[in-house]
Amino acid sequence: MADIYTEEQLAKDLKKSEYKYGFVTDIDSDKAPKGINEDIIRFISAKKKEPVWMLEFRLKAFAAWKEMKEPDWAHVNYPPIDFQDLHYYAAPKPKKKYDSLDEVDPELLDTFKKLGISMEEQKRLVGVAVDVVMDSVSVKTTFKEKLSELGIIFCSMSEAIREHPELIQEHLATVVPVSDNYYAALNSAVFTDGSFCYIPKGVRCPMELSTYFRINEANTGQFERTLVVADEGSYVSYLEGCTAPIRDENQLHAAVVELKAFKNAEIKYSTVQNWYPGDENGKGGIYNFVTKRGICEGDNSKISWTQVETGSAITWKYPSCILKGNHSSGEFYSVAVTNNRQQADTGTKMIHIGRNTKSTIISKGISAGFSENSYRGLVRMGKGAKNGRNFSQCDSLLLGDKCGAHTFPYIEVENSSAKVEHEATTSKIGEDQIFYCNQRGIDTEKAVSLIVNGYAKEVLNKLPMEFAVEAQKLLAISLEGSVG
Amino acid sequence: MLKIKNLKASIEDKNILKGLNLEVKPGEVHAIMGPNGSGKSTLASVLAGREDYEVQAGEVDFDSKDLLDMSPEERAREGLFLAFQYPVEIPGVSNINFLKTAIAEIREHRGLEPLTAKDFLKLVKEKKELVELSGELTSRSVNEGFSGGEKKRNEIFQMAMLEPKLAILDETDSGLDIDALRIVANGVNKLRTKDNAVVVITHYQRLLDYIVPDFVHVLSGGKIIKTGTKELALELEDKGYDWIKEEAQTA
């Protein structure tokens, strides 16, 4: 009989599918010695030519971090991290200032081409301004002039600290306080760069703002810090995407992202995350411990998180919304794929404070191989959240029978006018679905991609067009390797 | 077009097909009838390449190629179509997208250029009229939330879109009311040419009033025990299967 594709075979093939973007760029880096202490923090701050208040911010965070314990409540397992065995600063050597793309390190440009994110193409095709963070230092910022005409600030965090200290001092760590959690405190102490975006009153940002993060230096913890502030009546759509080279040792990534939306403002934050997930035995891969939180500060404001998570060995991430303004709304749309030995514990928190606040949670987990995929979400309706509304839908899709899917919904309601709805489903990609596709001439690999993309469609539809295409490819890549 | 010789197949160590022979030529319509558990659906599944069945012996020649040596998708690309008895739902995947993918794969296999979006949509419009499928159903997810009748019509719509050489209709009439039955049968009839062939698997004679077969085969105990013309179907309707079984035993 011909090679007929079984679920077992599918699982085997999935295990073998290799990381598409595995390559290493060799750029001389300027590294801090291993370990973390006050001197290292002073080194980072000096290296970045920071004002004294920033150094003080960092030292305060470090003092808080030393008193804190690594959290262990997430549904993930990994060997203890030796925080003294990491480098906390690495920067590509600033060879030159770039006036045009021709002057950018060709090797760097080549890397972007391999990733399919060449800046020329980006510029020409989609008109996206890209602020590229390569190992902690912003290499190139484009479209800045056009944005600055509208009064929009979009630059690296280092630059923002130097050029816009009043904005940074006003907003930094106001959504995620320095001592919010273990990793946020660590980030606050040692963050090396990130992006800052400010949209002034009444301005609608005319393009999708986009940052590509890359982790490139072996054993370098990456601690980006992102702050997006949308002033009254403004709108911005922010894209974040990442891929990383194959590495043998685990790399820690602990970013902090803060969003602030004032009265009538809207922030849409989209992420496609594809860091190296480790090999089929779980060796290598990124530890992704991220704190993402937005606050709907003013009335009628809106924050929307959309994420497609396919990479990382371990993901610990809960993009959340604090709905403080009356009539404000928060959204969380997520697709999380885990394969092989990947572990993901991800979800959201919707904290309803203001009246008539609304939140929507759509979470789609896809587990394959021996992976563990958990949704963890909190919906809290505070006393003042009169007529608060939440709808949550958490679906899990399983490929094979060695993987796990878990749902941990927490609901806290403190007033009787609030309504919270929760729906959850778990399903398996059926052999009969795959056979049905096969019988129409579609091979198993494409069938899986079709079925998975169909399952995740509600979330993918929320992504900006050009990102959605990339995300679909990523879903297929991370589950590929299945020619029967 | 299709030559089945001494086909033996089992599922979970249970022998179902026990030496089945059948030949289908281009332009012909064959009906396969038989009592429950006689192996009708097994035959359809084995021909389409469903993995649960194990072929123990026999040969199947499809257009001078060894059918049993091909993967399910290769069989489909070579022009074998199975209208499922229980069509599968694929949430989130639109009918249109599903068929676009299928047609692209089939055309690539045959060395044809991909259809342009315009030609594809023209084909959709033309074919859905054949089975009186509403515009809304083609843009909805594959079979999701379709009624039984809509699912069966969708199968025939897919068949029309994919233009197979050999179509196997596995109890396509089950669960259809008389109007839906007529629509489905009309669709199939309009798709008939001198170059393609249809194998209709059914319990009941009534479908054969609409899709008139050239041959009627009676499948019982994993073998074809009698072959006749459309009159045989009427006789079966009237007298049941026992007399044929007895006849076969005494022969």
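Computed log10 I(q)/I(0) for region A:418-484 at 0.14, 0.20 Å⁻¹: -0.52, -0.88, from the Debye equation with unit scatterers placed on every C-alpha and solvent omitted.
Out of region B:60-123, which trypsin sites (Lys or Arg not before Pro) are coil in DSSP terms and have no more than 14 other C-beta atoms within 10 Å? Could the numbers behind the result be given before it?
Values: sites: B:Lys65, B:Arg75, B:Arg77, B:Lys100, B:Arg107, B:Arg110, B:Lys118, B:Lys122; in loops: B:Arg110.
Within region B:60-123, the qualifying trypsin sites (Lys or Arg not before Pro) (loop, at most 14 other Cβ atoms within 10 Å) are B:Arg110.
The 3J(HN,Hα) values that the Karplus relation (6.51, -1.76, 1.60; θ = phi - 60°) gives for region B:149-159 are, in residue order, x, 5, 4, 5, 5, 5, 4, 5, 4, 4, 4 Hz. Gly and Pro appear as x.
For region B:15-83, relative contact order (Cα pairs under 8 Å, six or more residues apart, normalised by length) works out to 28 percent.
Global dimensions of region A:249-399 from alpha-carbon coordinates: Rg and Dmax equal 16.1, 50 Å. With θ taken as phi - 60° and the Karplus curve 6.51 cos²θ - 1.76 cosθ + 1.60 applied, the whole-hertz 3J(HN,Hα) list for region A:369-379 is x, 10, 7, 10, 10, 10, 9, 10, x, 10, 10 Hz, x standing for glycine and proline. Take each residue in B:71-82, count the other chain C-beta atoms within 10 Å of its C-beta, and the mean is 6.
Taking a quarter of the surface of the Cα convex hull of chain B gives a mean projected area of 13.5 nm². Here region A:323-380 and region A:398-446 have alpha carbon centers that stand 14 Å from each other. With a simple spin-label model that places each label point 7 Å from the Cα along the Cα-to-Cβ direction, the separation between B:Leu234 and B:Asn15 comes to 3.7 nm. Dividing the mean sequence gap of close Cα pairs (under 8 Å, 6+ apart) by how many residues chain B holds gives a relative contact order of 27 percent. Annotation: the antiparallel percentage among DSSP beta bridges lying fully within chain B is about 60.
Post the alpha-carbon centroid distance, region B:140-165 to region B:49-82, in whole angstrom. Each part's Cα centre sits 22 Å from the other's.
Quick note: the coordinates plus some simple rules give every number you see, no bench work behind them. All figures in this text were calculated on a predicted structure; none of them were measured in a lab. All Cβ positions, even for glycine, are placed from backbone atoms using ideal geometry, and neighbour counts span all protein chains on display.
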